[in-house]
Each structure stands twice: as C-alpha cells, then as structure tokens.
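Asker: Below you'll find the structure I mean.
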Amino acid sequence: MNQPASAYFMEDRHDPNETHTLSVLVQNEPGVLARVIGLFSGRGYNIESLTVSETEHARHMSRITIVTTGTPMVIQQIKHQLDRMIPVYQVVDMTLTGRSIERELAMVKVKGSGDQRIEAMRLAEVFRARVVDATNESFVFEITGGTSKIDQFVSLMVPIGLVEVSRTGVAAISRGPEGM
Amino acid sequence: MSESNNHDPNQMTGAAMIVRALKDHGVEHIFGYPGGAVLPIYDEIFQQDDVEHILVRHEQGAGHAAEGYARSTGKPGVVLVTSGPGATNMVTPLTDALMDSIPLVCITGQVPTHLIGNDAFQECDTVGITRPCTKHNWLVRDVNDLARVLHEAFYVATSGRPGPVVVDVPKDVQFATGTYHPPQKTDVHVSYMPRVKGDPEQIRKAVALLTTAKRPVIYSGGGVVNSGPDASRLLRELVAETGFPITSTLMGLGAYPASGRNWLGMLGMHGTYEANMAMHDCDVMLCVGARFDDRITGRTDAFSPGSKKIHIDIDPSSINKNIRVDVPIIGDVANVLGDLLAAFKASGKQPKIDPWWFEIGRWRARNSLAYRRNDDVIMPQHAIQRLFELTRGRDTYITTEVGQHQMWAAQFFGFEEPHRWMTSGGLGTMGYGLPAALGVQVAHRDSLVIDIAGDASVQMTMQEMSTAVQYDLPIKIFILNNQYMGMVRQWQQLLHGNRLSHSYSEALPDFVKLADAFGCVGFRVSKPGDLDGAIEDMIKVRKPVLFDCNVAALENCFPMIPSGKAHNEMLLPAEANDDATAKAFAGGKALV
Ligand SMILES: Cc1cc2nc3c(=O)[nH]c(=O)nc-3n(C[C@H](O)[C@H](O)[C@H](O)COP(=O)(O)OP(=O)(O)OC[C@H]3O[C@@H](n4cnc5c(N)ncnc54)[C@H](O)[C@@H]3O)c2cc1C
Ligand SMILES: Cc1ncc(C[n+]2csc(CCOP(=O)(O)OP(=O)(O)O)c2C)c(N)n1
C-alpha cells in the first residue's frame, strides 16, 4: 500500500494478458476507421493487427478484423467500447467462439545467390509459398497462413538474405454454415 | 422561409433546414455565437420567432449553458457556433457533456466543401477534433443528407446513454437548396439500437439476492436522473418497499430526497462515513445507473469485498469496467426498476435488516460532516447550510463550479428532487457553474437559480454575467471566497508538504464593483451575523447577482478517503489533526 501520495488511486494489476481476434461489422461511413483506431489509442488498448475492407457494397458494410492483447477485463471493455460506437453493428470475439480460421498474406523479398537461392526455394516449397517475382539475385515470395506460420517463414529467410516483408494483417472467419 | 420553390414546401436551403429541424424537434432555445461560417443560419434565425437564440460571450459558455438547460429539463441542449475557433472553444463543454452523459446537439459551421483540407480561413478539422469528445459526429457534404443527419443527431444525443453530438455543416451546404423531410421513424442510425428492457432472468437473480440480503445498500447515480421522472419515482418506491438504505453519487443527488429516512448522504471520496461504511460492509449492493467511478471505489481491490453486486446500466461498457459485478442488468433504469419492483413485490418476502440499520445508526452517530463553528468568520459549510435553509420550500436550482465549494454544496445542500442539481462531475470543469446557471434560468424563468462558486472557478467564465444582464436572467452567483484554489491547496497541504505552489488567488477582483460594472447587483458579507440578511436580500433581487461571501480561508473539506485507502479508512473531520493527516497520507512523492 506504499503508493506515492496522489489524487488517484494507483494499483498494479497482475492479471495475465490474452490475445483475442475480434471481427467488427461496421457501417462504412466516413471516419469509421479513424473512430476505431482513435478508440484504441485514446484508451490505451493494443493493436497487434488490423485489417479492414468493404465486404457488402450494397449495404455499405465493412468488416474490420482486429487482433488485440489485454487482460480479460480489458478485452471485455474493448468489445463493449467497440459495440457502443454508433456505426458498429456487431462485434464477435473469434477467439472465444474458438472455431475461427485466421489467415494472413505476406510478400517476402529475399536477396541472395548460389546455395542461398536453392535453400530459399526449398523452404518456399515446404511452406507452400509462391514465387511472384524473380531476378538473378532476388525472389519475392507470396505466402498465406496463420500468423505463426508466416513469422516462422520470415525468420527462416533472415539468414538467407531477407530484404523486406509486407503483410496484410489477419483476416478471420468462423467455420460452419453460420455468418456473423 | 426559403422562397426558392413555391411548389414543394420541403424544398429549402440547408440553413433553413437547420432551423426547421430545431422546430420539429421542439427546440425553443439555442445558445450560440455567430461567425462567418454560420451566417446563413443566423440569417434564418433572424427571420423567425419560434426558436429563441441566446447570445453568449464565449462559446464555452454556450456549451455549459446548454448543459445546464439539458440537465434541468431533460431535453437536449442545442448549441450553434462557427467554424475554427468557435468549434475549438466547444471542446471543453462537449467533453464535459460526454463524461456526465448530457444530451447536447452542437451545430458547427464549416468552411465551404471545396476548401476543406486547404487550411482555409477559420478552418479546423472539427469532426476530427471532436471525435473523441462526442457520442457521435457528422460532416454533412450534401444538403440532401442534412435533414436525415439532423434527425439522427437528436436521436443519438437523447437515446440510450445520452451524450453530446456535433453536426458540422459547410457553408455551401447551408446555402444549397435540397429536400427536407420531417423527423420519421427511420431517422435512427441503422447500427445504433440501445437496449432498454432488462433481461427477466437477470432480474430474477437480482430479486433473489435482494430478498435474502442482510446488509443491503442501494448505490444510485446519474443514470437515474438521465432516465427521467419515472426512474426517481420507482427508486423511491423501491426504497419504501424494501426499507433498504440508499446512498448516491455526486451526479445522482436528488433522485432520492435528502430528507428521506433511508438516505445515507453522498458516498465516495468526500461522502459521509455512514454511506462509505455501508458500501464497504454490505452483503448485497444494488447499483442503479452509476459507473463505479474512481472517486467512489477508492482502492478497487478493497472495494466492498464481501458483497454480491447487482448493476443496472444502459451502457454495457459501464459494466465490469472497474469493478466486477455478479448480476449485470443492461437496460434503462425506469424500465428495469419497474420490473424489479414488481418481481420484488411478487416474491412476498421482506428482508429483515434491523441489525444492519442499528449498525448504520452507529456510523451516523460519528457525525462525519461536523465542522468547527465560528462566530467571527463565516465557515463555508455554514454558508451553504444557511443558503439551503433560507431557500427551502422555494423553486430552487443549484449549479456549482469545481472545488471545495462544490463538495460542500453536495454535502450540505439537501436536494429533494432530481434535475435540481447541476455540477461538473466527470470532467470537473471549473467555469461550468455560471453559464450552466444561465442555461437553467433560460428554461425556468421564474425559478431561483444559484451557482455555488469558488473565487478561482468563477473567473473562468465570468464574462457570461453580461449575457445574464442582456437576457434579464436573474442568476445568483454565490461565491465562497476563500482567496484560494481551495481544493488544490488542500491536496498540497495533504500531499505536497504544505508547499502552496500557485494556489493562492492573487489579485482577486472586487466582485461587488465587478457586479456593478456588469450592471448586476453585488453583495459582500464577511460576518456570520450578516449572512442571513444578505442571502434574503439576494433572493429578493430580480437581477443577476454576484455575492462575495468571504469565508474561512484555510478550511478543508472532510471527510475524505485518502488515496490508496479503502472505504473503512476514511479520515473524519474530528480526527483530521496534523498528525493523523500526515499518517493517512504518508507516502512518497506525488505523481499527479
Ligand atoms: C472535485 C471533485 C470531487 C468529487 N468527489 C466525488 C465524491 O466524493 N463522490 C462522488 O460520488 N462523486 C465525486 N465526484 C464526481 C465523480 O468524479 C463522478 O463524476 C461521479 O461519481 C459519477 O457519477 P455516477 O457514477 O452517478 O455516473 P454518471 O457519470 O452520472 O454516469 C451515469 C451512469 O448511468 C448510466 N446511464 C445513463 N442513462 C441511463 C439510463 N437511462 N438507464 C440506465 N443507466 C443509465 C450511464 O451509462 C453511466 O454508467 C467528484 C468530482 C469532482 C470534480
Ligand atoms: C478548468 C480547470 N482547471 C483546473 C482545474 C483543477 N482544479 C480543481 S479544483 C481547483 C481550484 C478551485 O478553486 P476555487 O474555484 O476557488 O474553489 P475552492 O476549491 O476554493 O472552493 C482547481 C484549479 C479544474 N478542475 N478545472
């Protein structure tokens, strides 16, 4: 209880952090992404990954997929805070439903020669990455998969000659016949 | 008003639509300040008499006036300001209204659409700046969207958990002609549907807890006031039916009458001992429209450790935000209390809580609001008590600024009805009370409206006295003048080794002369014996008043829960000698 004298009550919280993937259906109106991002920065929540695109043109609806970390109480707050935003239709915690598929796409540029090129091609095959650009001294691989698969592929490319990576962030969808 | 088209009365300019929408939503008063980007709207206002415009002296004043208007009537407050500085001056009242759940509709002018983004004259990114301090906001780029957006704006501001909204209207849209439609059911935002009715299963669980409680307490808040008159009526009925003790937050005062038998007084940092002890020791807590603010909970890990908690709130994000509750009920207070009360009555059970009342009686006997009487100087608490006694039975509304005087007002002024108490709780905005009083008086011309003020706060929006004079609004500014930013000084005394850094009110104006300069009436009192007479005279004056009440300069506000302490570790006035205080506040260097 030896907190510094302060007008606020300060206490440390020791709940462990969890990672959750949230799917958010929003009305695609100007500023909606700014609202969502502003919510996260304004309230000090983490964004590990965020993807957004219009998914239903006729109804002006977009789907935002957010990967975030926090204590269980914070994760619950994030969902409620998202849900109370006026243009948000629905928030689904894909991690809690436990039946979701999560995929990312990455493009990975690697530079090298000789054995390095052969090793890169061999690993690409193992990871089912496609070559989408090649020169005498470089490749660009396209790879899709879960975040950890891509992380792993990228880290294997480092000693071979990784130049740069561009990732889309996570998109998620539930299994089975039902939609959100 | 628009002559542009004789065939279709719904063809009109954007500016005309705005005034028309105000009428269609029953708006009788708006608070505003003109400027280049809203002149077309001002032109429309000029040509009609249904909506009265109150011209303030600073846009912040318009915002707080609209808040006072809204809180005292239950209707949304409406503000009209220009682009750029007009909009940025609204940021404080918008934030204030967001924190305290006050419905405001703020219309801002914007530079013409084709200039947006060009750093045009008096351009600012109004929707960007106000996004985090509104419930929602819109930039209207097409005059044919304007009617729908305005109707949506009123809907969003007033439904669910109320809050402020901004509609930013570029000047070319104000000039353009389009089609207006009156408000219709479909003008609700497609993705916004607040839940009003409580889940019957949760209500059943709540009743099961309430009927078996041995040490229950009702903790009510601003949500009861937001919900409207039925909510207060049902809350009173629930208290009468159950016999439970009830406390309230700063924001909920008046929902249950201060003269009621079961009233424990306000809870929280400066709440009464009995209220905080009841919260700490209860076995069942029924939270009605309150949000477990940090001024209430103190240390969250020591907050009411042995209780089952029921929480009624319309905003799911208020639930489990700070404190984990056992039975959340999402819905509107009036609606849920109606169901809860019916279920409680139907159970036919009457909890026996006499021993609990006996314990509460012992806490009450500690008399935690006691203060030293003094025959030579006016004690601030005494001044509030006299103000209360001498206005009893009158049709009175109280607003406050922020500081010690605000807490004393909450502790010593008894509120019998909701909507009678206007204070900045969440944001704690000094300068709120004077313009808020103005707004209250606009809505209640014949009532007695008093701003209980501090000498520092009142200087923040003092210019609005001129508005009061212009519109013949006889607000009474009752300044507890202690020549300090008392609340800041109190913290410095308690937490910062009595180093009174910049908390002395140097070079105070002569408030009586200032009143004179504004064309209102000034009073100054420094002797306890003169106080009653002066208050009576003040009440009689049908003009705005600045009342300079010189009070004991160094009095501090108790009881108080020291930081990092639990509710049962309150510091009571009788014990607040130097030693005890030093001990209670022992700690390292302050961070905040
Ligand atoms: C200097 C200073 C000292 C303070 N000290 C204290 C103190 O000692 N004690 C104290 O109590 N406060 C104190 N406050 C005020 C404090 O900061 C908070 O503003 C206050 O406690 C919040 O009140 P509330 O919980 O009633 O919530 P509000 O801010 O009034 O929120 C209302 C809640 O009700 C919900 N709600 C709204 N409408 C409805 C509806 N129709 N149906 C259901 N739910 C609804 C909302 O979602 C929200 O959760 C102090 C403030 C200042 C500036
Ligand atoms: C706009 C604003 N600035 C600063 C503060 C911090 N603050 C809180 S109380 C206070 C002092 C208020 O002094 P006064 O109005 O004289 O009231 P008193 O505490 O003396 O009753 C200050 C500076 C605030 N609440 N609002």
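Asker: Could you please tell me which pairs satisfy a Cβ distance under 8 Å, a separation of 6+ or placement on different chains, a first residue in the range B:231-260 that is touching a residue at least 60 places away in the same chain (Cβ under 8 Å) and away from chain A (no Cβ under 14 Å), and a second residue that is of a type in the set (V, I, T) and within 16 Å of ligand 2 (Cβ to nearest atom)?
Answerer: Qualifying pairs under 8 Å: B:L250/B:T423; B:M251/B:T423.
Per-residue answers, yes or no, for (1) assigned to a loop (DSSP other than H, G, I, E, B); (2) among the aromatic types (F, W, Y); (3) closer than 23 Å to B:R420 by Cβ:
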{"residue": "B:I45", "(1), (2), (3)": "no, no, no"}
{"residue": "B:D50", "(1), (2), (3)": "yes, no, no"}
{"residue": "B:I54", "(1), (2), (3)": "no, no, yes"}
{"residue": "B:Q60", "(1), (2), (3)": "no, no, no"}
{"residue": "B:A65", "(1), (2), (3)": "no, no, yes"}
{"residue": "B:A70", "(1), (2), (3)": "no, no, yes"}
{"residue": "B:V78", "(1), (2), (3)": "no, no, yes"}
{"residue": "B:S83", "(1), (2), (3)": "yes, no, no"}
{"residue": "B:T92", "(1), (2), (3)": "no, no, no"}
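Asker: Mind checking whether some residue in the range B:137-149 is within 20 Å of B:I18 (Cβ to Cβ), within 11 Å of chain A (Cβ to nearest Cβ), of a type in the set (A, V, I, L, M, F, W, C) and assigned to a strand (DSSP E or B)?
Answerer: So far as the range B:137-149 goes, yes, one or more of its residues are within 20 Å of B:I18 (Cβ to Cβ), within 11 Å of chain A (Cβ to nearest Cβ), of a type in the set (A, V, I, L, M, F, W, C) and assigned to a strand (DSSP E or B).
Asker: When you scan the range B:393-500 for strands (runs of 3 or more DSSP E) that lie fully inside it, which ones turn up with 3 or more residues that are within 26 Å of B:G222 (Cα to Cα) and within 12 Å of ligand 2 (Cβ to nearest atom)? Outline the logic, then answer.
Answerer: Values: elements: B:396-400, B:448-454, B:476-481.
Correct list: B:448-454, B:476-481.
Asker: Quick check on B:T73: is it within 16 Å of ligand 1 (Cβ to nearest atom) and either crowded, with 24+ Cβ neighbours inside 10 Å or touching a residue at least 24 places away in the same chain (Cβ under 8 Å) (or both)?
Answerer: On the way: within 16 Å of ligand 1 (Cβ to nearest atom): yes; either crowded, with 24+ Cβ neighbours inside 10 Å or touching a residue at least 24 places away in the same chain (Cβ under 8 Å) (or both): yes.
So B:T73 fits the description; yes.
Let's see how each residue does on (1) aromatic (F, W, Y); (2) surrounded by fewer than 20 Cβ atoms within 10 Å (Cβ to Cβ); (3) at pLDDT below 95; (4) more than 9 Å from ligand 1 (Cβ to nearest atom):
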site: B:G252; (1), (2), (3), (4): no, no, no, no
site: B:Y256; (1), (2), (3), (4): yes, no, no, yes
site: B:T300; (1), (2), (3), (4): no, yes, yes, yes
site: B:I314; (1), (2), (3), (4): no, no, no, no
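Asker: Is one or more of the residues making up the range B:337-346 away from chain A (no Cβ under 14 Å), within 16 Å of ligand 2 (Cβ to nearest atom) and either within 26 Å of the chain's Cα centre (by Cα) or not in a strand (DSSP E or B) (or both)? Outline the logic, then answer.
Answerer: Residues of the range B:337-346 away from chain A (no Cβ under 14 Å): B:337-346.
Adding the requirement that they be within 16 Å of ligand 2 (Cβ to nearest atom) leaves none.
Looking through the range B:337-346, none of the residues is away from chain A (no Cβ under 14 Å), within 16 Å of ligand 2 (Cβ to nearest atom) and either within 26 Å of the chain's Cα centre (by Cα) or not in a strand (DSSP E or B) (or both).
Asker: On to the next question. Do we have any residue at all in the range B:565-579 that's closer than 24 Å to B:V377 by Cα, free of Cβ contacts under 8 Å to residues at least 12 places away in the same chain and part of a loop (DSSP other than H, G, I, E, B)?
Answerer: Initial filter on the range B:565-579 (closer than 24 Å to B:V377 by Cα): B:572-578.
Remaining after also requiring free of Cβ contacts under 8 Å to residues at least 12 places away in the same chain: B:575, B:577-578.
This time we only want the ones that are part of a loop (DSSP other than H, G, I, E, B), so: B:577.
The answer is yes, given that some residue of the range B:565-579 is closer than 24 Å to B:V377 by Cα, free of Cβ contacts under 8 Å to residues at least 12 places away in the same chain and part of a loop (DSSP other than H, G, I, E, B).
Asker: A follow-up question, please. Within the range B:475-491, which residues are more than 14 Å from chain A (Cβ to nearest Cβ) and within 13 Å of ligand 1 (Cβ to nearest atom)?
Answerer: Quick first cut of the range B:475-491, residues more than 14 Å from chain A (Cβ to nearest Cβ) only: B:475-484, B:486.
Result: B:G486, single match.
Asker: Pairs needed: first member in the range B:411-439, at pLDDT 95 or above; second member anywhere, of a type in the set (D, E) and more than 16 Å from ligand 2 (Cβ to nearest atom); C-beta distance under 9 Å; at least 6 residues apart or different chains.
Answerer: Matching pairs, first to second residue: none at all.
Asker: Further, regarding this structure: For the range B:362-373, check the following and say yes or no: at least one residue is touching a residue at least 40 places away in the same chain (Cβ under 8 Å), closer than 16 Å to B:G529 by Cα, more than 16 Å from ligand 1 (Cβ to nearest atom) and out of contact with any strand residue (DSSP E or B) (no Cβ under 8 Å at 6 or more places or on another chain).
Answerer: There is no residue in the range B:362-373 that is touching a residue at least 40 places away in the same chain (Cβ under 8 Å), closer than 16 Å to B:G529 by Cα, more than 16 Å from ligand 1 (Cβ to nearest atom) and out of contact with any strand residue (DSSP E or B) (no Cβ under 8 Å at 6 or more places or on another chain).
The values are calculated or read from the model by the stated rules, or taken from the named source; none is laboratory data. Since we're looking at a predicted model, the values are computed, not measured. All Cβ positions, glycine included, derive from the backbone under ideal geometry; neighbour counts span all protein chains shown.
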